[in-house]
Amino acid sequence: MTVDRAAVEDLLGEYGGLLDHGRYDEWLSLFAAACRYSVVPRENYDQGLPVALILCDTRFMLEDRIMALREANKYNIHIDRHLIGLPRITGARPGEIEIEAPFAVYQTDQEGETRLFATGIYQDRLHTAGERLLIAEKLVLLDTAAVPTLLATPL
Amino acid sequence: MTVDRAAVEDLLGEYGGLLDHGRYDEWLSLFAAACRYSVVPRENYDQGLPVALILCDTRFMLEDRIMALREANKYNIHIDRHLIGLPRITGARPGEIEIEAPFAVYQTDQEGETRLFATGIYQDRLHTAGERLLIAEKLVLLDTAAVPTLLATPL
Amino acid sequence: MTVDRAAVEDLLGEYGGLLDHGRYDEWLSLFAAACRYSVVPRENYDQGLPVALILCDTRFMLEDRIMALREANKYNIHIDRHLIGLPRITGARPGEIEIEAPFAVYQTDQEGETRLFATGIYQDRLHTAGERLLIAEKLVLLDTAAVPTLLATPL
């Protein structure tokens, strides 16, 4: 099955860019109506532990989560920068693509200091919707469980 | 309008690679004859402040700037490494494409220590020139105004 | 000559992803039967010094090297994360493509601390094998010679 790599990269580019602009409504529109978003430390995942730092298994929960982040960010003002590396296509079925992509997120605080915030890998199940792709499932595998102020930034 | 994502990525790959090799003449040739290059801290930009850290609104000014950097770098010897993330296509008209791409620049000094130098986002207006794309306008939005020794490295 | 940029990015995505998963056998299968893999600090390279930190000029040597890393990693447990930036196509002949791509590698230790491990650039000579590309030669140019615990992580 031929996979449209450009469409996958379009989606990932939108994903990181919209988050960094704080355009959360448009970011939410990248997800399918039925979707699942979770953030799990790699260590837990490798050991089969079910503990997620964040788990939204409906679109409503994800919207709710974003609303909470917006509120929290009034008091924790910072700039995020997502760098998403070249994706791998790991599976393809009619109407569905599975991909992986590594990422690094940098955070700049109000004093102007930029720090590496988190690294990890996205494992996504994408659905085709016409010419577009939508995120049906996104698993954010974090390289560490020791993420400071985790709640303040969507990954 | 269909945008040739591969051409956009070619251009960005060249942009970062030529800078890191110090091949500034070839880097300059990625810009259109009439071009604008500016570096602005995100904070200023968001507040509508016009203050740019660097502003070259002619090709001649950009060449002049690069000449000065070459001279300065005789005394500040270092290696740059640009990592440019997946671009977003943000606009397209006949003959013109608008894109965004996140970046991180690392700098390695003569003692061999590598540090994160800057993160931010490129906002580019590109012109089609046959099969190639040229940079008509490049706005480098920096995540912080607190960039050390900014003059020493083109972003 | 038209180069299939998507195939190049597929290969690089696989390269980094398989390393970070520790799937070394599959990673080895990205190399051609006759291949060369070397890691050289940029400073040595620029001065024409032949000293490589790692040099495997047969596939057997590369397999042997990976075996040693596996053994060493039983005592130095960590997670790697490769971020590979947009590649440049630097040459193309029938059956062969030359590319460059910048990279950053992050390492997370058992305490959960993530650090920048190395930055540099890949200079690869790729062979076409049907629809796939294989690595005939990979030169890893490191931005610094001062890489801590270099032996513990394939770049």
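Quick note: the coordinates plus some simple rules give every number you see, no bench work behind them. The structure displayed is predicted, hence computed values, not measured ones. Heads up, the Cβs are rebuilt from the backbone with ideal geometry, glycines too, and the neighbour counts pull from every protein chain shown.
Odds and ends about this structure:
- Each other copy holds its own label point for residue A:33; taking that point as 7 Å from Cα along Cα to Cβ, the gaps run 5.4, 5.4 nm, nearest first.
- Against chain C, whose longest principal axis is taken from its Cα atoms, helix C:5-21 shows a tilt of about 20°.
- Between A:73, C:16, C:94, the Cα set farthest toward the positive side of the dipole of the protein assembly as shown (charges on each charged residue's Cβ, about the Cα centre) is that of C:94.
- Cα long-axis angle, helix A:59-72 against chain A (0 to 90 degrees, to the nearest 10): 20 degrees
- Alpha-carbon gyration tensor eigenvalues x 5, square-rooted, for segment B:1-129, Å: 25, 17, 17
- Dipole magnitude of segment A:1-49 about its Cα centre (Cβ charges: Lys, Arg +1; Asp, Glu -1), debye to nearest 20: 160 debye
- Ranking A:106, A:54, A:83 by how far each Cα lies toward the positive end of the dipole of chain A (charges on Cβ) leaves A:54 at the top.
- Net +/- balance of residues flanking residue B:61 in space, Cβ distance below 14 Å, scoring K and R +1, D and E -1: 0
- About its Cα centre, chain B has a charge dipole of approximately 160 debye under the convention of +1 per Lys or Arg Cβ and -1 per Asp or Glu Cβ, with nothing else charged.
- Mean per-residue shielding of peptide B:107-113 is 4, counting Cβ atoms of other chains within 10 Å of each Cβ.
- Residue C:49 paired with residue A:60, simple spin-label distance in nm, labels 7 Å along Cα-to-beta-carbon: 6.5 nm
- Inter-chain shielding of B:98-106 (mean C-beta neighbours from other protein chains, 10 Å cut-off): 5
- Magnitude of the charge dipole, the protein assembly as shown, Cβ model with Lys/Arg +1 and Asp/Glu -1, debye to 20: 120 debye
- Expressed as a fraction of 2.2 N^0.38 Å, the C-alpha radius of gyration for segment B:71-155 is 1.29.
- For segment C:101-129 versus segment B:104-130, the gap between their alpha-carbon centres in whole angstrom: 17 Å
- Average beta-carbon neighbours from other chains, 10 Å sphere, peptide B:114-122: 6
- J(HN,Hα) series, segment B:125-131, from Karplus relation 6.51 cos²θ - 1.76 cosθ + 1.60, nearest Hz, glycine and proline x: 10, 10, 10, 7, 9, x, 8
- Each other residue within a Cβ distance under 15 Å of residue C:147 adds +1 if Lys or Arg and -1 if Asp or Glu, for a net charge of -2.
- Once each of the GluC sites (Glu not before Pro) sitting in a DSSP loop with at most 13 other beta-carbon atoms within 10 Å is removed, chain A keeps A:1-110 as its longest stretch.
- Segment C:1-75 and segment B:32-100 have Cα centres spaced 34 Å apart.
- Cα gyration tensor category, rounded, prolate or oblate, for the protein assembly as shown with a/c compared to 1.5: rounded
- Seen from residue C:78, the other residues with C-beta closer than 14 Å to its C-beta sum to a net charge of -3, counting Lys and Arg as +1 and Asp and Glu as -1.
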